[in-house]
Amino acid sequence: MVEERLGKLATDEPSVIETSLAQYGDLVYLNKRSILSKLEVVDRCFSHDTIEEIIDALEKEAADSYDEWCTTALKKLKEASPLSLIVSLRSIREGRFQSLDQCLAREYRISLNAISRRVSSDFFEGVRARLVDKDFAPKWDPPSLKEVSKDMVDCNFSPLSEFEPELELPTASREPFMQ
């Protein structure tokens with residue numbers, strides 16, 4: 001199995017990973033509903049710098065193509081917490097230039113900041129709306145993308161308090177990938 005093989009690797013060296021994956025490289029025919037068949041649309045719509053621009057691109061794509069996937073993606077984005085959307089986009093964009101260890105540590109920090117209610121109670125409001133009351137009508141704070149400040153977003157990426165240790169992964173036990 002692919003996961004088992006990759007899990008046993010003790011390196012981040014791309015050529016070793018590629019060689020291991022190549023053994024599982026059978027030709028696959030995509031289902032039309034597969035997200036992999038939508039890569040051009042995803043690239044076109046999600047390559048923008050802001051959530052507002054992404055939503056605009058999805059709206060245009062949905063109007064031009066009548067693609068159900070675009071309409072569904074748009075609906076999901078509009079239902080989500082504005083703060084969480086902006087934090088998620090920034091995290092994804094930062095992660096492109098970081099190691100897996102750095103990404104995991106950043107995601108851990110974001111998660112703890114979200115449940116600490118330092119900036120917003122959106123996590124708890126989302127749980128309430130979906131799982132507790134099941135009214136599917138969360139009251140996000142802030143309620144719109146325009147009202148999300150840079151400070152609110154930055155706070156989600158800020159170091160944890162002295163009472164909450166940062167995530168430290170046992171990376172010394174494996175061979176680091178050197179570029």
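The values are calculated or read from the model by the stated rules, or taken from the named source; none is laboratory data. Note that the structure is predicted; figures quoted are calculated from it, not measured. FYI the Cβ positions are ideal-geometry reconstructions off the backbone, even for glycines, and counts take in every protein chain you see.
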Quiz item: All but one of (1) farther than 22 Å from residue 87 by Cα; (2) assigned by TED's automatic domain parsing to the domain that holds residue 118; (3) touching an Asp or Glu at 6+ places or on another chain (Cβ under 6 Å) hold for residue 140; which doesn't?
Solution: (1)
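Is the stretch 142-154 home to any residue that is under 28 Å from residue 40 (Cα atoms), surrounded by 13 or more Cβ atoms within 10 Å (Cβ to Cβ) and touching a Pro at 6+ places or on another chain (Cβ under 6 Å)?
Here is the first cut: in the stretch 142-154, the residues under 28 Å from residue 40 (Cα atoms) are 145.
Going one step further and asking which of them are surrounded by 13 or more Cβ atoms within 10 Å (Cβ to Cβ), we end up with 145.
Checking which are touching a Pro at 6+ places or on another chain (Cβ under 6 Å) leaves us with 145.
Within the stretch 142-154 (the criterion being under 28 Å from residue 40 (Cα atoms), surrounded by 13 or more Cβ atoms within 10 Å (Cβ to Cβ) and touching a Pro at 6+ places or on another chain (Cβ under 6 Å)), the answer is yes, since at least one residue qualifies.
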Quiz item: Does the stretch 155-173 hold any residues that are more than 12 Å from residue 109 (Cβ to Cβ), surrounded by 11 or more Cβ atoms within 10 Å (Cβ to Cβ) and either hydrophobic (A, V, I, L, M, F, W, C) or free of Cβ contacts under 8 Å to residues at least 12 places away in the same chain (or both), and which are they?
Solution: 169
Quiz prompt | Selection within the stretch 110-123 - in contact with an Asp or Glu (Cβ under 7 Å, 6 or more places away or on another chain) and either free of Cβ contacts under 8 Å to residues at least 40 places away in the same chain or of a type in the set (D, E, K, R) (or both) | solution = 120, 121, 122
Quiz item: From 131, 104, which residue is surrounded by fewer than 13 Cβ atoms within 10 Å (Cβ to Cβ) and over 20 Å from residue 148 (Cα atoms)?
Solution: 131
Quiz item: Of all residues in the stretch 65-80, how many are basic (Lys, Arg) and touching a helix residue (DSSP H, G or I) at 6+ places or on another chain (Cβ under 9 Å)?
Solution: 1
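Which residue is farthest from residue 157 (Cα to Cα), if the candidates are limited to the stretch 51-92 and must be basic (Lys, Arg) and loosely packed, with under 15 Cβ neighbours inside 10 Å?
To start, the set of residues in the stretch 51-92 that are basic (Lys, Arg) comprises 60, 75-76, 78, 90.
This time we only want the ones that are loosely packed, with under 15 Cβ neighbours inside 10 Å, so: 60, 75-76, 78.
On the way: 60: 32, 75: 27, 76: 24, 78: 23 Å.
Out of the qualifying residues, it is 60.
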Quiz prompt | the stretch 99-127, residues that are more than 15 Å from residue 171 (Cα to Cα) and aliphatic (A, V, I, L, M) | solution = 110, 112, 114, 115, 119, 127
Quiz item: residue 114 passes all but one of (1) loosely packed, with under 13 Cβ neighbours inside 10 Å; (2) of a type outside the set (Ser, Thr, Tyr); (3) closer than 24 Å to residue 76 by Cβ; which number fails?
Solution: (1)
